[in-house]
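See structure below.
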Amino acid sequence: MAFEGLADRLQNSIQKIKGKGKVTEADVKEMTREVRLALLEADVNFKVVKDFVKRVKERAVGQEVMQSLTPGQQVIKVVKEELTDLMGGEQSKIAVANRPPTVIMMVGLQGAGKTTTTGKLANHLRKEHNKSPLLVAADVYRPAAINQLETLGNQLSMPVFSKGTEANPVDIAQEAIQQAKENHNDYVIIDTAGRLHVDEHLMDELQQIRSTVNPNETFLVVDAMTGQDAVNVAETFNEQLDVTGVVLTKLDGDTRGGAALSIKAVTEKPIKFAGMGEKLDQLEPFHPERMAQRILGMGDVLTLIEKAQAEVDEDQAKELEQKMKDASFTLDDFLEQMGQVRNMGPLDELIGMIPGADKMKGLKNAQIDENQLNHIEAIIQSMTKKEREDPSIMNASRKKRIAKGSGRNVSEVNRLLKQFSDMKKMMKQMTNQKGKKGKKGGFNLPFM
Ligand SMILES: Nc1nc2c(ncn2[C@@H]2O[C@H](COP(=O)(O)OP(=O)(O)OP(=O)(O)O)[C@@H](O)[C@H]2O)c(=O)[nH]1
Ligand SMILES: [Mg+2]
């Protein structure tokens with residue numbers, strides 16, 4: 001899970017101060033010492049750490065702590081705000097052209113994730129903003145690079161502009177923009193070539209493309225897992241190309257968080273998106289505050305809700321709410337809902353977004369792991385339609401048959417039935433209490 005190591009250490013170091021009604025200077029000193037170590041261990045740039053700790057210390061021992069909340073909580077608030085600031089403060093959105101198309105150029109080292117992110121970004125723009133992007137294959141050095149982008153275009157049913165490996169990247173980019181105008185594509189995303197290291201030839205080529213097409217955004221794509229190397233690469237690219245934003249990929253595999261926490265401070269360029277997996281829908285707009293909350297174990301309910309809303313259509317949600325209210329929610333509905341939640345992303349990522357969930361025993365170690373969900377699915381799928389609609393008809397022989405059919409044992413079948421019945425009771429209570437206040441169809445995630 002993203003930031004796991006850093007999150008653990010930071011949470012430990014602020015844990016002690018959390019409940020304190022009185023925070024002494026010595027307490028703050030002890031905490032900031034531990035925070036400093038946690039950040040250094042996370043491979044955060046040492047200068048960034050130094051400044052960060054200094055600011056937290058100043059604010060935490062100063063006036064601020066004395067007001068409202070408990071002093072302990074106030075200190076944590078200071079840490080959260082400073083972390084948020086460190087990552088850029090406000091969310092930074094894509095700059096848009098006055099007259100379409102908006103042109104985005106992707107640059108970065110080999111394997112950083114440019115091509116994948118080109119596809120993800122196009123998907124995001126269509127799904128969230130109703131845009132119709134044109135993808136441009138300007139990496140002419142490997143035929144495979146063009147194929148890769150074309151495959152992504154196929155998966156997304158989106159147009160890809162390419163001219164094979166003989167054409168010049170600058171011409172490709174220019175012609176692509178022309179075509180976008182003709183075909184009313186409102187975004188053009190240019191995938192460029194990467195190199196193993198920053199080299200002159202690459203920079204020349206990128207500079208040429210940039211100065212010719214004058215993109216609205218030049219996104220530097222960096223691999224979060226490379227930590228301080230990513231920061232150094234970002235510095236170099238930024239010096240030479242004056243990038244406008246950073247896309248941090250592979251955050252899903254980054255337990256340390258050094259790049260995420262240093263890049264903005266070092267380059268002064270905002271992180272605009274984060275890659276959270278290989279799939280085309282695993283790109284998130286980067287929200288510094290939400291990220292800080294995740295790191296501090298405060299969860300990220302907003303992202304969770306957004307993910308849920310992206311997966312569930314409004315009508316379905318309404319139907320579901322009605323079923324919850326009149327208690328006609330069946331095991332089939334349960335199965336369907338479970339499928340939707342699984343579409344939202346890997347469970348451990350989702351659990352990390354639930355406030356306090358990481359403190360709940362078992363949850364953190366993903367006790368509700370993907371396997372367990374597979375088992376639940378198998379059990380429900382082994383039931384007859386009638387059983388799914390009305391589990392009360394279940395008897396010993398039915399349970400035995402279901403256990404056998406799903407390769408589980410009877411006690412697991414029993415446990416599932418019990419959980420389902422408890423859940424139904426809870427739903428009824430919740431939906432009745434909430435009355436008309438339900439949010440957007442009142443979609444709940446009762447079993448999470
Ligand atoms: N886990 C994970 N993998 C990613 C992410 N983004 C990209 N990848 C993987 O990283 C690998 C390299 O991605 P590409 O998009 O081909 O990288 P590139 O920058 O285009 O590479 P070159 O074209 O060789 O310069 C692929 O296997 C991707 O699936 C991410 O956010 N998370
Ligand atoms: Mg590529």
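The values are calculated or read from the model by the stated rules, or taken from the named source; none is laboratory data. On a predicted model such as this, the values are computed, not experimentally measured, just so you know. Cβ placement follows ideal geometry from the backbone for every residue including glycine, while neighbour counts extend to all protein chains displayed.
Counting just the residues of region 107-116 that are within 15 Å of P215 (Cβ to Cβ) and not aliphatic (A, V, I, L, M), which one comes out farthest from ligand 2 (Cβ to nearest atom)? Looking at residues that are within 15 Å of P215 (Cβ to Cβ) and not aliphatic (A, V, I, L, M), I get G108. Only one of the numbered conditions (1) away from ligand 2 (no atom under 16 Å from the Cβ); (2) modelled with pLDDT of 95 or more; (3) within 21 Å of D242 (Cβ to Cβ); (4) of a type outside the set (D, E) is violated by L125, and that is (3). Scanning region 128-150 for residues that are on the phi > 0 side of the Ramachandran plot and either within 11 Å of ligand 2 (Cβ to nearest atom) or part of a helix (DSSP H, G or I) (or both) yields nothing. Restricting attention to region 2-37, and to residues there that are closer than 22 Å to A274 by Cα and crowded, with 21+ Cβ neighbours inside 10 Å, which single residue is modelled with the lowest pLDDT? Filtering first and then ranking leaves A2. Residues that are more than 12 Å from ligand 1 (Cβ to nearest atom) and either in contact with a strand residue (DSSP E or B) (Cβ under 9 Å, 6 or more places away or on another chain) or of a type in the set (D, E, K, R) (or both) within region 191-201 comprise D199, E200, listed in sequence order.
Filter region 151-161 down to the residues that are more than 18 Å from K181 (Cβ to Cβ) and either more than 26 Å from the chain's Cα centre (by Cα) or not in a helix (DSSP H, G or I) (or both) and list them by number. If the condition is that a residue be more than 18 Å from K181 (Cβ to Cβ) and either more than 26 Å from the chain's Cα centre (by Cα) or not in a helix (DSSP H, G or I) (or both), then S157 is the only one that fits. For region 163-194, taking the residues that are modelled with pLDDT of 95 or more and among the hydroxyl-bearing types (S, T, Y), the one that is nearest to the chain's Cα centre (by Cα) is identified as Y187.
Of the residues in region 169-189, at least one is under 26 Å from F286 (Cα atoms) and within 16 Å of ligand 2 (Cβ to nearest atom).
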